[in-house]
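Accompanying notes for the structure given below.
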Amino acid sequence: MSRLLVVALLALPISSWALEPEVQTAKDEGMRIYGLGIAAESIPLLEPAAEAGDVEAMYYLGEIHRLRHMGLTREAMAWYLQAAEQGDVHAMLRLFQGGCLHRR
């Protein structure tokens, strides 16, 4: 049973691991503010979580930048790309809709 748990934990993306409590609190407040339609004020609250690897925060930062500037800016694409690289399907769709093809 414990071997199965270890395998399951290793299969989780890093972003699903717990954030530091203060970063999680800031992210939660940022998501609350975003939900109220005050997206610009949520940027400094979401950035620490995104920089710590939180895919949801990355995606929503991309959304904020896209909506604020009425299109895919470099900042929006950078956040979407980071989220897409972690497997976020919504970020992949935003990049596809914007015509962004990332090649290495």
*Let me know the Kirkwood hydrodynamic radius for segment 16-104, please, with Cα pairs as the basis and the value in Å to one decimal.*
12.9 Å
*Highest-first arrangement of 20-27, 67-74, 84-91, 50-57, where packing means the average Cβ count within 10 Å*: 50-57, 84-91, 20-27, 67-74
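Here, each number is a calculation from the coordinates, and none is a lab measurement. A quick note: this is a predicted structure, and the numbers were derived from the prediction, not measured. For neighbour counting, all protein chains shown are included, and Cβ atoms are generated from backbone atoms with ideal geometry for every residue, glycine included.
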